[in-house]
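Read the structure below first, then the notes.
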Ligand code: PXG
């Protein structure tokens with residue numbers, strides 16, 4: 001094995017990279033060697049501005065000593081503790097800290113190790129909740145087209161990604177319906193913030209209730225802003241309407257805030273930003289600033305209490321070896337501390353006007369079909385090359401990397417979500433780079 005900085009083609013072979021074109025990558029790999037603040041460095045010393053916070057997770061920027069020291073200290077003090085029928089203090093402290101910043105009424109926390117696990121956990125809680133209340137016929141789950149809820153069988157079932165549904169079609173969880181997505185270029189292209197049109201798409205839920213009867217429906221899960229499938233911002237009034245319909249029919253509403261959580265929209269959680277109260281929120285990513293894998297489900301008092309009314313014994317037959325792992329709890333506590341001290345959970349709000357202005361300045365460039373933004377999130381939709389879907393998006397991604405800016409590509413859509421510590425000059429650098437790359441083509 002060669003030194004990490006001089007990997008040969010052969011050294012690349014054993015690793016099967018996730019969500020990656022392995023053959024293409026191994027033919028021309030992109031490697032990162034270290035990171036600090038807003039930047040990565042490649043093994044040959046090139047500085048890369050991180051415009052995606054790693055993968056929507058490094059909200060306080062890279063290499064934060066407070067976090068690495070807290071994790072090291074925790075591992076030296078208590079490296080591991082079994083989470084079943086046992087506890088350790090940082091787990092309780094972190095749960096309390098999360099409840100403190102969560103929307104009022106979401107008073108309980110179940111820990112997982114990833115967004116995918118958080119989603120599957122929330123879906124299982126929803127089903128078990130109805131059963132605990134004697135409403136065991138409520139088994140149907142409702143997701144949405146173009147939704148990404150991770151890679152578990154539950155998540156890909158309520159998700160709305162055609163590739164998942166094609167590849168694993170016979171193994172998806174039964175009894176799932178999908179709401180239509182809200183993406184509407186015709187009416188909403190170049191919206192600034194929440195688009196004006198499309199709230200009525202929430203009414204599709206009424207249609208599903210009429211079809212199946214509410215007594216068979218357990219929960220609806222949506223990302224407040226869909227991230228992975230290209231940054232789809234909810235039309236004004238849409239989430240409110242979903243909430244009203246769920247409430248009217250006793251259906252639980254789950255917000256998947258794996259991406260929108262921890263300040264991305266300008267408030268701690270999108271639920272607060274949009275003024276809509278879900279029954280559960282799924283979290284991961286920014287929870288530990290990306291340093292240690294961890295996820296969580298925030299649960300309403302009503303849902304939690306329903307479990308506590310049942311017979312004595314284990315109330316929820318669910319959990320992970322690494323639920324509330326001490327190192328993750330330490331990373332979570334240190335991250336929340338930084339977020340609070342540096343005002344990062346609301347900083348996106350003050351930067352959003354500059355972000356929006358700079359983003360919409362790309363409007364007249366070649367191939368630009370849409371620009372959509374919210375908080376410190378951007379979706380830049382490009383016209384695909386004919387017969388080669390995703391090729392233009394990948395080329396823009398590749399060229400930005402060559403010019404020292406890391407962006408994220410989803411088909412022909414470029415997504416941006418920088419660390420929330422970003423400075424105005426770095427916002428300019430991101431958009432100047434995109435401008436130069438788009439002009440080249
Ligand atoms: N829910 C949402 C809304 C997500 O965005 C997950 C669940 C799953 O989280 P884990 O931790 O299991 O990966 C996610 C993950 C992208 C991209 O390119 C986004 C995610 C993952 C990979 C790529 O935007 N989000």
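The values are calculated or read from the model by the stated rules, or taken from the named source; none is laboratory data. What you are looking at is a predicted structure, and each value in this text was computed from that prediction instead of being measured. Cβ sites come from the backbone with ideal geometry, for glycine too, and all protein chains shown count toward neighbours.
Against the list (1) within 16 Å of the ligand (Cβ to nearest atom); (2) outside the structural domain of residue 397 (by TED's automatic domain parsing); (3) outside any loop (DSSP other than H, G, I, E, B), the condition residue 55 fails is (2).
Considering the stretch 381-405, and only residues there that are touching a helix residue (DSSP H, G or I) at 6+ places or on another chain (Cβ under 7 Å) and within 27 Å of residue 257 (Cα to Cα), the residue that is surrounded by the most Cβ atoms within 10 Å (Cβ to Cβ) turns out to be 405. In a residue-by-residue description of the stretch 85-92, the property of being in contact with a strand residue (DSSP E or B) (Cβ under 8 Å, 6 or more places away or on another chain) and either more than 14 Å from the ligand (Cβ to nearest atom) or more than 16 Å from residue 324 (Cα to Cα) (or both) applies to at least one position. Residue pairs whose Cβ atoms lie under 7 Å apart, sitting 6 or more positions apart in sequence or on different chains, and linking a residue in the stretch 307-325 that is at positive phi to a partner that is surrounded by 15 or more Cβ atoms within 10 Å (Cβ to Cβ), are 319/83; 324/83; 324/91; 324/111. Just one of the listed residues (50, 107) is touching a strand residue (DSSP E or B) at 6+ places or on another chain (Cβ under 8 Å) and within 16 Å of the ligand (Cβ to nearest atom), namely 50.
Taking first residues from the stretch 217-238 that are assigned by TED's automatic domain parsing to the domain that holds residue 144 and within 12 Å of residue 194 (Cα to Cα) and partners that are within 11 Å of the ligand (Cβ to nearest atom) and part of a helix (DSSP H, G or I), the Cβ contacts under 8 Å between residues at least 6 apart in sequence or on separate chains come to 224/270; 225/270. Counting the residues of the stretch 227-249 that are crowded, with 21+ Cβ neighbours inside 10 Å and more than 18 Å from residue 270 (Cβ to Cβ) gives 0. Comparison of 302, 331, 324, 359 shows that the only residue that is assigned to a helix (DSSP H, G or I), over 30 Å from residue 383 (Cβ atoms) and touching a helix residue (DSSP H, G or I) at 6+ places or on another chain (Cβ under 8 Å) is 331.
Scanning the stretch 116-160 for residues that are away from the ligand (no atom under 11 Å from the Cβ), in contact (Cβ under 8 Å) with a residue 60 or more places away in the chain and more than 23 Å from residue 209 (Cα to Cα) yields one hit, 121. Residues that are within 30 Å of residue 373 (Cβ to Cβ) and either in contact (Cβ under 8 Å) with a residue 40 or more places away in the chain or touching a helix residue (DSSP H, G or I) at 6+ places or on another chain (Cβ under 9 Å) (or both) are absent from the stretch 83-95 altogether. Looking at 392, 347, just one residue is under 20 Å from the mean Cα position of the chain (by Cα) and not in a loop (DSSP other than H, G, I, E, B), and that residue is 347.
Of the listed requirements (1) within 11 Å of the ligand (Cβ to nearest atom); (2) under 16 Å from residue 179 (Cβ atoms); (3) surrounded by fewer than 24 Cβ atoms within 10 Å (Cβ to Cβ), residue 224 misses just one: (3). Scoring residue 71 on the criteria (1) in contact with a helix residue (DSSP H, G or I) (Cβ under 7 Å, 6 or more places away or on another chain); (2) free of Cβ contacts under 8 Å to residues at least 60 places away in the same chain; (3) in a helix (DSSP H, G or I) leaves a single failure, condition (2). Residue 43 - would you say it is free of Cβ contacts under 8 Å to residues at least 60 places away in the same chain and under 30 Å from residue 414 (Cβ atoms)? Against the criterion (free of Cβ contacts under 8 Å to residues at least 60 places away in the same chain and under 30 Å from residue 414 (Cβ atoms)), residue 43 qualifies. Inspect the stretch 26-45 for any residue being within 16 Å of the ligand (Cβ to nearest atom), surrounded by 11 or more Cβ atoms within 10 Å (Cβ to Cβ) and part of a helix (DSSP H, G or I) and give the result as yes or no. For the stretch 26-45, residues within 16 Å of the ligand (Cβ to nearest atom), surrounded by 11 or more Cβ atoms within 10 Å (Cβ to Cβ) and part of a helix (DSSP H, G or I): absent.
Residues in the stretch 274-293 that are crowded, with 24+ Cβ neighbours inside 10 Å, more than 13 Å from the ligand (Cβ to nearest atom) and more than 19 Å from residue 144 (Cβ to Cβ): 2 in all. Is one or more of the residues making up the stretch 176-187 touching a helix residue (DSSP H, G or I) at 6+ places or on another chain (Cβ under 9 Å), more than 21 Å from residue 279 (Cα to Cα), more than 16 Å from the ligand (Cβ to nearest atom) and touching a residue at least 12 places away in the same chain (Cβ under 8 Å)? Checking the stretch 176-187: at least one residue is touching a helix residue (DSSP H, G or I) at 6+ places or on another chain (Cβ under 9 Å), more than 21 Å from residue 279 (Cα to Cα), more than 16 Å from the ligand (Cβ to nearest atom) and touching a residue at least 12 places away in the same chain (Cβ under 8 Å). Answer with yes or no whether residue 369 is assigned to a loop (DSSP other than H, G, I, E, B), at pLDDT 95 or above and over 21 Å from the mean Cα position of the chain (by Cα). Taking the combined requirement at face value, the residue does not satisfy it.
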